[in-house]
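What follows is calculated from the coordinates using simple rules that are stated; it is not laboratory data. Computed from a predicted model, the values in this text were never measured in an experiment. Please note: Cβ atoms are built from the backbone with ideal geometry, for glycine as well, and neighbour counts cover all protein chains shown.
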Amino acid sequence: MELRGRVIKAGIAEGVALVSPEPIGFLGGVDPETGVVIEAGHPLCGQCVAGRVLVFPTGKGSTVGSYTLYRMARRGTAPAAIINAESEAIVAVGAILGDIPMVDQVDVTRIHTGDRVRIEGERILVLAS
């Protein structure tokens with residue numbers, strides 16, 4: 001399946017999708033040292049985002065989340081790419097600083113955890129798991 005999105009941070013990336021039905025906050029929600037989601041009660045709590053194509057509706061939380069995402073990119077614990085239904089400034093700035101390909105305006109319900117996903121600019125190729 002092929003989807004299209006609006007480019008927030010251009011790039012090419014590929015990986016296995018990790019999909020959340022809920023927004024993600026990086027400051028206090030994801031451990032930057034390990035890439036593991038630590039927000040209690042979050043659907044992805046305990047799962048690692050490192051190297052995955054992280055798919056979620058939108059971001060949330062503190063503006064320090066941008067720096068947290070950048071820090072993760074520097075440590076090698078960041079997602080390979082980010083796909084959102086609607087981007088917001090915190091995640092967008094973090095993706096730009098961290099050089100993480102990111103697109104939004106995507107129907108994220110069409111992507112499932114375990115799907116292999118390749119992002120090439122605005123083009124998103126989804127291979128069922």
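Could you state the angle between the C-alpha long axis of helix 89-98 and the longest principal axis of the C-alpha atoms of the chain, as a value from 0 to 90 degrees rounded to the nearest 10?
Roughly 90 degrees between the two axes.
Given the C-alpha centroids of segment 80-129 and segment 9-78, what is the distance between them in whole angstrom?
Using only Cα atoms, the two centres lie 12 Å from each other.
How do 59-65, 42-48 rank on mean C-beta neighbours within 10 Å, highest first?
Per-residue mean Cβ counts within 10 Å order the peptides as 59-65, 42-48.
Compare Arg52, Arg116, Arg75 in a GNM of the chain, Cα atoms joined below 10 Å, and give the one with the largest fluctuation.
For the chain, modelled as a Gaussian network with Cα springs under 10 Å, the answer is Arg75.
With a cut-off of at most 16 other beta carbons within 10 Å, and DSSP calling the residue loop, which GluC sites (Glu not before Pro) in segment 2-85 qualify? Please list them.
Here the sparse-neighbourhood loop sites are Glu33.
What is the spin-label model distance, in nm, from Asp107 to Arg75 if the labels are put 7 Å beyond Cα along the C-beta direction?
A separation of 3.7 nm, rounded to one decimal place.
Spelling out what I want: for every residue of segment 61-77, take phi, set θ = phi - 60°, compute 6.51 cos²θ - 1.76 cosθ + 1.60 (Karplus), and round to whole Hz; glycine and proline get x.
Along segment 61-77, the couplings run x, 5, 5, 5, x, 4, 5, 4, 5, 4, 4, 4, 4, 5, 8, x, 10 Hz.
So what does the Cα-only Debye profile of the chain read at q = 0.10 Å⁻¹, as log10 I(q)/I(0), no solvent term?
One equal scatterer on each Cα of the chain leads to -0.24.
Taking a ≥ b ≥ c as the square roots of the eigenvalues of the Cα gyration tensor of segment 25-89, is the shape rounded (a/c under 1.5), prolate (a/b larger than b/c) or oblate?
Rounded shape, in that the Cα axes give a/c under 1.5.
Restricting to bridges with both residues inside segment 2-127, how much of the DSSP beta-bridge set is antiparallel, in percent to the nearest 5? Before the final figure, lay out each step's value.
Numbers: 18 of 28 bridges.
Here the share of antiparallel DSSP bridges comes out near 65 percent.
Determine the sum of side-chain charges near Val106: Lys and Arg each +1, Asp and Glu each -1, restricted to other residues whose C-beta is under 12 angstrom from that of Val106.
Local net charge: -1.
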